[in-house]
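J.: Below is the structure I would like to discuss, written out as structure tokens.
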2 protein chains.
Amino acid sequence: MNEFFKVLKNDSMSRARTGNMVTAHGIIKTPVFMPVGTKATIKAIDHQNLSGMGCEIILGNLYHLYLQPGIELIKKAGGLHGFMNWDKSILTDSGGFQVFSLNKIRKINDDGVEFKSVIDGSLHFFTPEDVIRYQADMGSDIMMALDECIPFTEDAVYTGAAAKRTLKWAEISRKTAESINSTRGKNEMARVFGIVQGGFIKSIRKFCAESVSGMDFDGIAIGGLSVGEERQKTLEILQYTSEFTDRLKPLYFMGLGDPVGLADAIYHGVDMFDCVMPTRISRMGSAFTKNGKINIKNSRFEQDFGPIEESCSCHTCKNYSRAYIRHLYKSREILSSMLLTIHNLQFIFDLVENARFHINNGTYVKFREDFKKNYL
Amino acid sequence: MNEFFKVLKNDSMSRARTGNMVTAHGIIKTPVFMPVGTKATIKAIDHQNLSGMGCEIILGNLYHLYLQPGIELIKKAGGLHGFMNWDKSILTDSGGFQVFSLNKIRKINDDGVEFKSVIDGSLHFFTPEDVIRYQADMGSDIMMALDECIPFTEDAVYTGAAAKRTLKWAEISRKTAESINSTRGKNEMARVFGIVQGGFIKSIRKFCAESVSGMDFDGIAIGGLSVGEERQKTLEILQYTSEFTDRLKPLYFMGLGDPVGLADAIYHGVDMFDCVMPTRISRMGSAFTKNGKINIKNSRFEQDFGPIEESCSCHTCKNYSRAYIRHLYKSREILSSMLLTIHNLQFIFDLVENARFHINNGTYVKFREDFKKNYL
């Protein structure tokens with residue numbers, strides 16, 4: 001029996017499902033969206049407010065936190081939970097994506113990756129063991145194995161070599177986590193996920209999905225998608241890959257967070273998501289609505305004294321008008337980012353909550369169809 | 001009997017006093033600090049949180065709001081209260097200070113001031129009547145007369161001419177307000193304050209203080225101080241000027257908001273304050289404490305896991321450490337400004353509340369002395 005993850009309801013018309021994940025910091029209802037707190041803060045929102053919005057887990061980035069303020073400081077502060085005063089769950093990213101996306105100069109070999117600090121240019125080296133130990137030091141509830149992330153390519157040799165290395169690192173990561181957990185109590189276990197790479201080549205995706213599923217991971221992540229390809233391609237690879245993953249474990253789609261993408265990926269069986277998009281667009285003046293994304297600086301909102309969305313129950317919609325937020329955005333006031341971040345995160349939490357409701361209710365396929373019809 | 005302002009307690013050892021001001025939007029206990037909401041927002045804080053922090057009145061700037069989003073829009077939104085959803089009192093500044101401090105090219109004559117928009121360079125003209133009408137249109141609770149603000153100078157002729165013009169405008173402003181209020185109900189009255197100018201020349205200050213006191217204003221403001229002079233000079237002119245103001249009316253010191261300055265000005269009989277300083281220093285990483293101002297980026301806070309101030313009851317001190325806020329500030333995260341703004345405003349609200357307590361208790365002189373001893 002899996003004590004970490006339990007499927008509650010499988011949709012009969014799709015691969016969508018609801019479930020529960022249990023960590024040392026609480027129960028997480030799935031499907032779940034995890035706001036990204038790269039540097040131990042979710043940008044432009046006080047995370048004390050997130051619990052009340054229905055947030056049960058946030059994400060931190062090892063890469064950024066390792067460079068600033070450093071793992072030792074976080075450890076002394078009582079881990080990431082103590083440092084940022086967040087008592088619900090935290091998933092930490094291994095830094096694989098950041099090492100590859102933020103570094104022009106870096107070396108990679110089977111032992112790990114060398115990279116340059118974006119802060120002071122100093123050189124650093126991560127082994128897969130390091131990456132798990134650092135995450136465990138930070139008190140992460142769900143740790144990610146180090147993976148080799150590659151840009152969009154059709155080169156099968158390159159893709160295959162990166163996938164093979166990722167699988168090798170996956171096994172090292174799993175064993176490192178096992179060794180750490182052997183010294184911990186049952187309720188303090190740090191869970192560890194393997195990452196399925198394989199780019200856009202189905203045979204490699206299949207091989208990786210089966211290999212990672214065969215290892216003793218707590219969950220399975222799909223990486224290397226949403227890297228600039230067409231959405232149709234993303235869904236095709238997701239759908240194909242998910243057929244070869246162990247369905248007793250939670251499936252995490254890394255880096256997806258747009259409303260339609262969420263609705264589609266849930267349909268294809270994904271349980272967990274993260275993305276900077278909902279918070280990033282907030283700082284650029286955009287807001288999700290049931291009828292699609294709007295940009296608040298549009299002149300048609302100049303005298304629009306209604307909320308961003310009439311039916312929305314978020315703090316922003318209960319208190320402020322489109323005209324007011326437009327004024328704040330045009331005046332470059334911080335409150336504009338603060339208010340839009342609240343709304344956009346609430347929109348995503350509500351969407352995922354509605355998805356869970358409709359999966360449990362047996363009406364998810366219709367819900368997704370209606371949602372997309374209104375949104376697109 | 002003055003229905004707007006009532007003195008509750010006069011300190012027997014100083015000119016300090018407590019009182020109540022009553023506007024259409026509530027009762028304001030004095031002495032009072034008014035956070036500055038220049039562009040219809042107090043920077044980096046959601047003003048829905050201010051009420052719970054003890055804030056009873058905020059300030060808006062006609063100059064900025066006239067240029068963006070414009071008076072007509074604010075009027076359509078139900079005034080400034082409706083536009084920004086703030087149901088307590090609002091004092092609006094006449095724009096005199098901004099016209100003179102933000103504009104290099106401007107013309108002034110007895111009819112008013114011509115100035116250039118900082119947004120698009122367009123030319124605008126304010127008469128003293130305009131300024132009152134615009135403030136009334138925005139639904140201001142306390143309106144300020146247009147004044148001519150001059151930089152620090154010892155030129156008596158220039159100072160005298162500006163003061164004379166300010167007095168002329170004061171009378172026009174008062175009459176304009178009277179005419180507007182004649183169409184309003186007793187509970188919807190917009191109060192209007194005259195401004196005492198006169199630079200650093202005592203005879204002119206005395207003349208202005210007596211002249212403004214002799215007009216039928218609801219309150220008296222002291223302008224033209226804290227413009228770069230030594231603090232000792234500020235207090236000398238304040239003390240001198242305040243002796244010639246009508247003590248039945250509230251006395252407002254424009255543009256003062258540092259902790260020691262507040263304690264001193266209250267001692268000299270000031271009832272109202274505003275200043276961008278507490279919010280501005282928050283965005284630069286500084287925090288008030290009882291033992292003086294600290295800058296959170298100082299390396300001595302790197303491993304300091306205590307709050308900014310142990311005895312502080314603000315949201316920031318209850319939830320976050322110096323080490324965490326230092327990390328946020330160094331990482332240029334918006335949450336750093338948000339958390340420091342909460343703390344610094346709470347510090348000022350608490351200081352002013354303590355001042356009221358000690359005035360009522362007959363212990364203000366000792367309180368001020370102890371506060372300054374710890375702070376400096």
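J.: Among the numbered criteria (1) crowded, with 19+ Cβ neighbours inside 10 Å; (2) part of a loop (DSSP other than H, G, I, E, B), which one does A:M13 miss?
T.: (1)
J.: For the range B:255-333, please list each of the strands (runs of 3 or more DSSP E) lying entirely inside it that holds at least 3 residues being within 14 Å of chain A (Cβ to nearest Cβ).
T.: none
J.: Answer yes or no: is there a residue in the range B:56-65 that is assigned to a helix (DSSP H, G or I), open to solvent by 30 Å² or more (accessible area, probe 1.4 Å) and over 21 Å from B:G185 (Cβ atoms). Let's see the steps before the verdict.
T.: At the first step, the residues of the range B:56-65 found to be assigned to a helix (DSSP H, G or I) are B:62-65.
Those left that are additionally open to solvent by 30 Å² or more (accessible area, probe 1.4 Å): B:64.
Those left that are additionally over 21 Å from B:G185 (Cβ atoms): B:64.
Yes - at least one qualifying residue is present in the range B:56-65.
J.: Within the range A:249-306, which residues are surrounded by fewer than 16 Cβ atoms within 10 Å (Cβ to Cβ), touching a strand residue (DSSP E or B) at 6+ places or on another chain (Cβ under 7 Å) and either more than 19 Å from A:V352 (Cβ to Cβ) or at pLDDT below 95 (or both)?
T.: A:N295
J.: Confirm whether A:D246 is out of contact with any Lys or Arg (no Cβ under 9 Å at 6 or more places or on another chain), modelled with pLDDT of 95 or more and open to solvent by 30 Å² or more (accessible area, probe 1.4 Å).
T.: Yes; evaluated as a whole, the condition is true for this residue.
J.: Which of the residues spanning the range B:73-111 are surrounded by fewer than 24 Cβ atoms within 10 Å (Cβ to Cβ) and of a type in the set (D, E)?
T.: Across the range B:73-111, the qualifying residues are B:D87, B:D110, B:D111.
J.: Same structure, new question: Pairs needed: first member in the range A:24-43, over 25 Å from A:N187 (Cβ atoms) and touching a residue at least 12 places away in the same chain (Cβ under 8 Å); second member anywhere, part of a strand (DSSP E or B) and charged (D, E, K, R); C-beta distance under 7 Å; at least 6 residues apart or different chains.
T.: From residues that are over 25 Å from A:N187 (Cβ atoms) and touching a residue at least 12 places away in the same chain (Cβ under 8 Å), the pairs are A:V36/A:D274.
J.: Can you name the residue in the range A:342-358 that is of a type outside the set (F, W, Y) and out of contact with any Pro (no Cβ under 8 Å at 6 or more places or on another chain) and, of all such residues, is farthest from B:R283 (Cα to Cα)? Before you say what the answer is, go through the steps one by one.
T.: Of the residues in the range A:342-358, the ones of a type outside the set (F, W, Y) are A:342-346, A:348, A:350-356, A:358.
Restricting the remaining residues to those that are out of contact with any Pro (no Cβ under 8 Å at 6 or more places or on another chain) gives A:342-343, A:346, A:350, A:353-354, A:358.
On the way: A:I342: 21, A:H343: 24, A:Q346: 27, A:D350: 32, A:E353: 36, A:N354: 38, A:H358: 44 Å.
So the residue we want is A:H358.
J.: Do the conditions hold for B:V99, that is, is it in contact with a strand residue (DSSP E or B) (Cβ under 6 Å, 6 or more places away or on another chain), of a type in the set (A, V, I, L, M) and more than 14 Å from chain A (Cβ to nearest Cβ)? Don't jump to the end; show me each part of the working.
T.: On the way: in contact with a strand residue (DSSP E or B) (Cβ under 6 Å, 6 or more places away or on another chain): yes; of a type in the set (A, V, I, L, M): yes; more than 14 Å from chain A (Cβ to nearest Cβ): yes.
Yes: the conditions hold for B:V99.
J.: I'd like to know if the range A:225-237 contains one or more residues that are under 16 Å from the mean Cα position of the chain (by Cα), more than 16 Å from A:L345 (Cβ to Cβ) and surrounded by fewer than 20 Cβ atoms within 10 Å (Cβ to Cβ).
T.: Yes, that holds for at least one residue.
J.: Based on this model, can you work out whether B:I348 counts as under 18 Å from the mean Cα position of the chain (by Cα), in contact (Cβ under 8 Å) with a residue 60 or more places away in the chain and more than 10 Å from every other protein chain (Cβ to nearest Cβ)?
T.: Yes, satisfied.
J.: Here are the criteria: (1) more than 24 Å from A:I27 (Cα to Cα); (2) away from chain B (no Cβ under 14 Å); (3) out of contact with any Asp or Glu (no Cβ under 8 Å at 6 or more places or on another chain). Tell me which single one A:S117 does not satisfy.
T.: Here A:S117 meets the rest and fails (2).
J.: Which is closer than 19 Å to B:F253 by Cα and basic (K, R), of B:R165, B:R191?
T.: B:R191 is the lone residue from the list that is closer than 19 Å to B:F253 by Cα and basic (K, R).
J.: In the list B:I74, B:I90, which residue meets the criterion of being within 14 Å of chain A (Cβ to nearest Cβ) and either farther than 23 Å from B:P151 by Cβ or polar (S, T, N, Q) (or both)?
T.: Answer to the check: B:I74.
J.: Tell me the residue from A:T166, A:T176, A:T183 that is surrounded by fewer than 17 Cβ atoms within 10 Å (Cβ to Cβ) and hydroxyl-bearing (S, T, Y), please.
T.: A:T183
J.: Pick from B:I296, B:I281, B:I266: which is out of contact with any Asp or Glu (no Cβ under 7 Å at 6 or more places or on another chain) and without any contact (Cβ under 8 Å) to a residue 60 or more places away in the chain? So that I can check it myself, show each step before the final result.
T.: Details: B:I281 fails: without any contact (Cβ under 8 Å) to a residue 60 or more places away in the chain; B:I266 fails: without any contact (Cβ under 8 Å) to a residue 60 or more places away in the chain.
Residue meeting the stated conditions: B:I296.
J.: Right, next: Out of all the residues in the range B:357-372, is one or more outside any helix (DSSP H, G or I), over 18 Å from A:F83 (Cα atoms), away from every other protein chain (no Cβ under 14 Å) and open to solvent by 40 Å² or more (accessible area, probe 1.4 Å)?
T.: yes
J.: Can you name every residue in the range B:139-165 that is aliphatic (A, V, I, L, M) and within 22 Å of B:Y63 (Cα to Cα)?
T.: We begin by selecting, within the range B:139-165, every residue aliphatic (A, V, I, L, M); these are B:142-146, B:150, B:156-157, B:161-163.
Selection gives B:I142, B:M143, B:M144, B:A145, B:L146, B:I150, B:A162, B:A163.
Listed here are the residues, each with its yes/no results for (1) out of contact with any Phe, Trp or Tyr (no Cβ under 7 Å at 6 or more places or on another chain); (2) assigned to a helix (DSSP H, G or I); (3) open to solvent by less than 10 Å² (accessible area, probe 1.4 Å).
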residue: A:V113; (1), (2), (3): no, no, yes
residue: A:G121; (1), (2), (3): yes, no, no
residue: A:H124; (1), (2), (3): no, no, no
residue: A:Y134; (1), (2), (3): no, yes, no
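J.: I've got another one for you. Could you list all residues from the range B:25-53 that are more than 13 Å from every other protein chain (Cβ to nearest Cβ), open to solvent by 40 Å² or more (accessible area, probe 1.4 Å) and modelled with pLDDT of 95 or more?
T.: B:H25, B:I27, B:K29
J.: Which of the residues that make up the range A:334-345 are over 19 Å from A:G257 (Cβ atoms) and more than 8 Å from chain B (Cβ to nearest Cβ)?
T.: A:S336
The values are calculated or read from the model by the stated rules, or taken from the named source; none is laboratory data. A quick note: this is a predicted structure, and the numbers were derived from the prediction, not measured. With ideal geometry, Cβ positions are generated from the backbone for all residues, glycine too; neighbour counts draw on all protein chains shown. Just so you know, the surface numbers come from the protein's heavy atoms only, side chains and all, with ligands and any DNA or RNA stripped out. Shrake-Rupley method; radii C 1.70, N 1.55, O 1.52, S 1.80 Å.
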